[in-house]
Amino acid sequence: MQKMMRQDPPNQVRGPWCSTCDQEKRGDSHWFEVHQLAGALIIRRLGPQARTVAPGHSPVCGEGCLSTLVSHWMSEKAWAPREQTTMEAVAGAMGA
């Protein structure tokens, strides 16, 4: 499901690709990377020159796809058993 990078001949590296709509990142568009941890979503802006995202993170191409991803995540969490989420776990994942 997650698309990190695609490689086209001759050795031309492209990507990342949106995990929601499968659009390729080009230029300075407003991309985000999303990581789910301990019952929380961590959303960070993806820099304009970024060609990869961290393993386990999902690249998202803009506010519309980000909204779709958050909506799907919320609807899944609404029916899942409640997890014990601590701010320490979330802060640790963010490198704080």
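Listed values, structure above:
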| read-out | value |
| --- | --- |
| Proxy reagent accessibility, fewest Cβ within 10 Å first, across Trp31, Trp17 | Trp17, Trp31 |
| For Glu63, Glu24, order by how many other beta-carbon atoms lie within 10 Å, fewest first | Glu63, Glu24 |
| Residue order, fewest to most surrounding Cβ atoms within 10 angstrom, among His35, His30 | His30, His35 |
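The numbers here are math on the coordinates, done by the rules we state, and not lab data. Computed from a predicted structure; not experimentally measured. Cβ: placed from backbone, ideal geometry, glycine included. Neighbour counts: every protein chain shown.
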